[in-house]
Amino acid sequence: MLSTFSFSDDTVGFLFEGDFNKKTVGKLISQIESKFDFYDKINLYLEDVNIDSFNLAAVWEEITFKLKHEERFNKIALVTNRKWIKACSMLCQTISSANMKTFSSEERLDALTWISHP
């Protein structure tokens, strides 16, 4: 399941739980692209609330979308306690110019504070 929220016009947040699959990524991409229609750059908040399963093709699609549009993101905050997701994020940070930062679930408020400040 994908839940969304927005705490400013140019910032969109997504909470993931259940299955992370191509349908979930399709919804994510669609909602991000709708923000791109109004803003040149946006902030993106992604939180792993309780994902039960991951589809690797969906993970790859999500990563390549962010890399393809890296110049359109001011900041990307990723909140998760999964080490492999943090490792993927660190890899993306080395090949991307997007300002990305990873936080643990306990640091959720720090992530929200970081993403909301210019």
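The values are calculated or read from the model by the stated rules, or taken from the named source; none is laboratory data. This one's a predicted model, so the numbers in the text were calculated from it and none came from an experiment. Cβ: placed from backbone, ideal geometry, glycine included. Neighbour counts: every protein chain shown.
List of remarks:
- Residues being within 22 Å of residue 36 (Cβ to Cβ) and either exposed (fewer than 15 other Cβ atoms within 10 Å of the Cβ) or at pLDDT 95 or above (or both) - total across the range 78-98: 2
- Any chance residue 51 is of a type outside the set (Phe, Trp, Tyr) and out of contact with any Phe, Trp or Tyr (no Cβ under 6 Å at 6 or more places or on another chain): no
- Being more than 18 Å from residue 78 (Cβ to Cβ) and out of contact with any Asp or Glu (no Cβ under 6 Å at 6 or more places or on another chain) is a description that applies to residue 34.
- So residue 12, is it part of a helix (DSSP H, G or I), among the β-branched types (Val, Ile, Thr) and either out of contact with any Leu (no Cβ under 8 Å at 6 or more places or on another chain) or under 24 Å from residue 113 (Cα atoms) (or both): no
- Of the residues contained in the range 35-43, none is found to be assigned to a helix (DSSP H, G or I) and farther than 18 Å from residue 4 by Cα.
- Every pair of residues 6+ apart whose Cβ atoms lie under 6 Å, when the first sits in the range 48-75 and is assigned to a helix (DSSP H, G or I) while the second is surrounded by fewer than 17 Cβ atoms within 10 Å (Cβ to Cβ) and modelled with pLDDT under 85: 70/97
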